[in-house]
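**Q** First the structure, then my questions, so here it is.
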Amino acid sequence: MLTTIIPLIGRRLAISVFILLIVSVLLFLVLHVLPVDPAAMSMPPTATIAEIEAKRIEMGLDKPLPQQYLIWLSQVLHGDFGTSIHFRRGVLGLVLDTLPATIELAVLSMIIASVLGIVGGLVLFHVRGTRKEPAMDFGSILLLSIPEFLWSLFFILLFGVALHVLPFTGRLDPDMRLPLGTGFLLFDSLAAGRPDIFWSAVKHMILPCFALGIAFSPTIMRVLRSSLIDVYQEDYIHLARLRGLSERRILVRHALKNAILPTLSLMGVQFGFLFGGTLLVEVIYSYPGLGNLMVDAVRNADLPIIQAVGLAYCLVVLVINTVVDTFYLVLNPKLRIR
Amino acid sequence: MIRVLPPWLRSGRVLAGLVIVAIIGLCAVFAPYLAPHDPNEQNLVSTLLPPAWTEGGDVSFLLGTDSLGRDVLSRLIYGARVAMMVAVFASLGAMLLGAVLAYIAGYFGGRVDALIGRAVDVWMSFPPVVLSLILMVGLGVGLRNVILAIIVVDWTRFCRVLRAEVMVVARKDYVSAARLVGFSHWRTITREIVPATLPLLITLVSLEMGIAVIVEAILSFVGMSVSATTPAWGQMVADARQYIYDNPWNLMFPIFTIFLAVFGFNMLGDGLRRTLDVRVTATQRV
């Protein structure tokens, strides 16, 4: 098995690196047709034109674009993402400080989306052909029409303002300090032996995670339902029934095994989208992650951050896709034939 | 009477979707006649008023006012203009770009297909919101640029789905027959393949309109869409989020309006898919 899988994974990795390279070129091109002047922005307003011009030369902005790109790329490969114009700090540090918060949010949301999606898919499949089906079907379209943007705001209104049961700003209660460590708050707070911080972090994550999780679950539901319907047309299901197996056993041991494959593949794609979706949820919940950093940078036209955060998003999505594809290869023997 | 209607107009979903979309469309077109106030008229003595039917409400501001004392109802009605412009032009633009590439890729296959497929892969690795934000930074704010950014981000939705369909259709016997009769590639695609994929295309456009409304709302929420003087639903959400404790109603109305618009487009799209898709059986069309 390994001898057939490893070359396939190698190919997948090579493609990912290639895509990342193209992405970096695109990012650089889009951001360098900008009408703003990064040199002028990084100087105090009292700077003379000559000083700004000197800064332009220092920043390499007078060189031709391809050369600027190569300089930037070689700096990036050496881990130097430049200095933020607005925050006056190293960009890599800013990204690494905020990335764990976003990953934590995305992973928990994905778990919620998967559980809701799989349970919902089973329910939708279970009610097929019954009188409940049209209502459930309508419900799933209704769910599909509500993006994470609206869920987030709706949850703030309902649980934050009206019922006043959950906080909706930041990662922790205002009087608590972030424990030092990995940046993954749930882990750090436990490692520091602070259950109070852990509990506060959990409470702050419930609304954003459910907003994202619910928004991404309907697609999973619908794909699981239709793959289950397809699988139930197969002869081996009829055979299992003839063998006298219970419906529950047929579903769990036989049908689900095959029907879950397309669902898993979809969940991989969804995870990539969900990771992008964290941006907005973070802004709405003032959650200090990559998304808020990005929006701050966009508002201030802070190019070094926009470039680095853009790359970080793509890198994470590509890593997710590669891992999912690998996982899929391991699970689905049909794909191993070259 | 009802029997002469085409089947797609008899579907409840399509009708419901059309009604919702038509109402919002009419609001957009006739905004100056429908809106009780100028959407940018500030009334600093009566800011953050609740709706007229609640305590402290004012009858002349039916849905209340925002933090600058602007009439919420009028802003919602005018906001439909940006939303509908973006929905129509961005989705048609994305369709045009994505469909042309999908027909080329699916019909010719080979290297062209591989190249377009790679481009889709590159785009897919960019989260749509991140890419559209970056594009807005590059292009600058404004309605035209919002539409352009959504086209550049969302063409892949059409390209991916349609390409697979075109590949299936292109291998059908009647397409080969057309080629044997001496149809040019252009004529084969436009006369034989496009009609076969039209139902899918219409459905995708309808769904994309809903997506475009959301993307515009997101961009105007973070202040990267139209200029601040043009009312947009996302801006209203951003303003209301800041004053959520003073007036939660202000958040409710734009949320519901955005939801209604997206729901309308999705109903329309889902209904059209069921009635236009020849593979869906009769019982599933109701």
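The values are calculated or read from the model by the stated rules, or taken from the named source; none is laboratory data. Being a predicted model, the structure only gives us computed values, none of them experimental. Reconstructed Cβ throughout: ideal geometry from the backbone, glycine too, with neighbour counts over all protein chains shown.
Residues checked against (1) surrounded by 23 or more Cβ atoms within 10 Å (Cβ to Cβ); (2) out of contact with any strand residue (DSSP E or B) (no Cβ under 8 Å at 6 or more places or on another chain); (3) without any contact (Cβ under 8 Å) to a residue 24 or more places away in the chain; (4) on the phi > 0 side of the Ramachandran plot:
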{"site": "B:A87", "(1), (2), (3), (4)": "yes, yes, no, no"}
{"site": "B:G109", "(1), (2), (3), (4)": "no, yes, no, yes"}
{"site": "B:L115", "(1), (2), (3), (4)": "no, yes, yes, no"}
{"site": "B:V129", "(1), (2), (3), (4)": "yes, yes, no, no"}
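**Q** Right, another one. Look at B:V120 and say whether it is touching a Leu at 6+ places or on another chain (Cβ under 6 Å), at negative phi and within 14 Å of chain A (Cβ to nearest Cβ). Talk me through it step by step, then tell me what you get.
**A** Details: touching a Leu at 6+ places or on another chain (Cβ under 6 Å): no; at negative phi: yes; within 14 Å of chain A (Cβ to nearest Cβ): yes.
So B:V120 fails the test.
**Q** Scan (1) surrounded by 13 or more Cβ atoms within 10 Å (Cβ to Cβ); (2) under 23 Å from the mean Cα position of the chain (by Cα); (3) farther than 30 Å from A:L303 by Cβ; (4) among the aliphatic types (A, V, I, L, M) for the single condition B:L198 breaks and write down its number.
**A** (1)
**Q** Can I ask one more? Tell me yes or no: at least one residue of the range B:156-167 is among the aliphatic types (A, V, I, L, M), assigned to a helix (DSSP H, G or I) and either within 11 Å of another protein chain (Cβ to nearest Cβ) or under 14 Å from B:V215 (Cβ atoms) (or both). Explain how you work it out, then say what you get.
**A** Let us first name the residues in the range B:156-167 that are among the aliphatic types (A, V, I, L, M), namely B:161-162, B:164, B:166-167.
Still in the running and assigned to a helix (DSSP H, G or I): B:161-162, B:164, B:166-167.
Narrowing the set further to residues that are either within 11 Å of another protein chain (Cβ to nearest Cβ) or under 14 Å from B:V215 (Cβ atoms) (or both) leaves none.
No, because not a single residue in the range B:156-167 is among the aliphatic types (A, V, I, L, M), assigned to a helix (DSSP H, G or I) and either within 11 Å of another protein chain (Cβ to nearest Cβ) or under 14 Å from B:V215 (Cβ atoms) (or both).
**Q** Then there's this: Just a yes or no: is a residue in the range B:192-207 under 30 Å from A:N292 (Cβ atoms) and in contact with a helix residue (DSSP H, G or I) (Cβ under 8 Å, 6 or more places away or on another chain)? Lay out the reasoning, then the answer.
**A** Keep residues of the range B:192-207 that are under 30 Å from A:N292 (Cβ atoms), which gives B:207.
Those still in the list that are in contact with a helix residue (DSSP H, G or I) (Cβ under 8 Å, 6 or more places away or on another chain) too: B:207.
So far as the range B:192-207 goes, yes, one or more of its residues are under 30 Å from A:N292 (Cβ atoms) and in contact with a helix residue (DSSP H, G or I) (Cβ under 8 Å, 6 or more places away or on another chain).
**Q** Does B:T190 fit the bill of being more than 9 Å from chain A (Cβ to nearest Cβ), of a type in the set (S, T, Y) and touching a residue at least 60 places away in the same chain (Cβ under 8 Å)? Talk me through it step by step, then tell me what you get.
**A** Working: more than 9 Å from chain A (Cβ to nearest Cβ): yes; of a type in the set (S, T, Y): yes; touching a residue at least 60 places away in the same chain (Cβ under 8 Å): no.
Taking the combined requirement at face value, the residue does not satisfy it.
**Q** Here's another thing I want to ask about it. Would you confirm whether or not the range A:286-309 contains a residue that is within 9 Å of chain B (Cβ to nearest Cβ), in a loop (DSSP other than H, G, I, E, B) and touching a residue at least 24 places away in the same chain (Cβ under 8 Å)?
**A** Yes, the conditions are met somewhere in the range A:286-309.
**Q** Could I ask something else about it? Among all residue pairs at least 6 apart or on different chains, which show Cβ distances below 9 Å where the first residue, located in the range A:190-218, is more than 17 Å from A:G160 (Cβ to Cβ) and at pLDDT 90 or above and the second is aromatic (F, W, Y) and surrounded by fewer than 20 Cβ atoms within 10 Å (Cβ to Cβ)?
**A** Listed pairs, sorted by first residue: A:F216/A:F273.
**Q** If you don't mind, there's one more thing I want to ask. Mind checking whether some residue in the range B:239-246 is at the interface with another protein chain (Cβ under 10 Å from one of its Cβ atoms), surrounded by 22 or more Cβ atoms within 10 Å (Cβ to Cβ) and among the small types (G, A, S)? It would help to see each step written out before you state the result.
**A** Taking the range B:239-246 first, the residues at the interface with another protein chain (Cβ under 10 Å from one of its Cβ atoms) are B:240-241, B:244-245.
If we keep only those that are surrounded by 22 or more Cβ atoms within 10 Å (Cβ to Cβ) as well, we get B:240.
If we keep only those that are among the small types (G, A, S) too, we end up with B:240.
The answer is yes; a qualifying residue exists.
**Q** Would you point out which residue out of B:I134, B:I116 is aliphatic (A, V, I, L, M), within 24 Å of A:F149 (Cα to Cα) and in a helix (DSSP H, G or I)? Give the steps one after another, and end with the answer.
**A** On the way: B:I116 fails: within 24 Å of A:F149 (Cα to Cα).
The conditions single out B:I134.
**Q** If you don't mind, another one. Just one of A:V298, A:V309 is crowded, with 24+ Cβ neighbours inside 10 Å and either closer than 20 Å to A:V23 by Cα or touching a Gly at 6+ places or on another chain (Cβ under 6 Å) (or both); which is it? Break it down into steps so the answer makes sense when it comes.
**A** Working: A:V298 fails: crowded, with 24+ Cβ neighbours inside 10 Å.
Answer to the check: A:V309.
**Q** Quick check: anything in the range B:140-151 hydrophobic (A, V, I, L, M, F, W, C), touching a Ser or Thr at 6+ places or on another chain (Cβ under 9 Å), in a loop (DSSP other than H, G, I, E, B) and touching a residue at least 24 places away in the same chain (Cβ under 8 Å)?
**A** So far as the range B:140-151 goes, yes, one or more of its residues are hydrophobic (A, V, I, L, M, F, W, C), touching a Ser or Thr at 6+ places or on another chain (Cβ under 9 Å), in a loop (DSSP other than H, G, I, E, B) and touching a residue at least 24 places away in the same chain (Cβ under 8 Å).
**Q** If you check B:M224 against the conditions, is it touching a Phe, Trp or Tyr at 6+ places or on another chain (Cβ under 6 Å) and either within 14 Å of chain A (Cβ to nearest Cβ) or at pLDDT 90 or above (or both)?
**A** Details: touching a Phe, Trp or Tyr at 6+ places or on another chain (Cβ under 6 Å): no; either within 14 Å of chain A (Cβ to nearest Cβ) or at pLDDT 90 or above (or both): yes.
Criteria not met by B:M224.
**Q** Just checking: which of the helices (runs of 4 or more DSSP H) contained wholly in the range A:89-190 hold 2 or more residues that are in contact with a helix residue (DSSP H, G or I) (Cβ under 8 Å, 6 or more places away or on another chain) and polar (S, T, N, Q)?
**A** A:91-126
**Q** Moving to a separate point now. With the condition being of a type in the set (F, W, Y), I'd like the helices (runs of 4 or more DSSP H) fully within the range B:168-286 carrying at least 2 qualifying residues. If you could, list the steps in order and put the result at the bottom.
**A** Working: elements: B:173-181, B:194-221, B:233-242, B:249-276.
Where helices (runs of 4 or more DSSP H) fall fully within the range B:168-286 and carry at least 2 residues being of a type in the set (F, W, Y), they are B:249-276.
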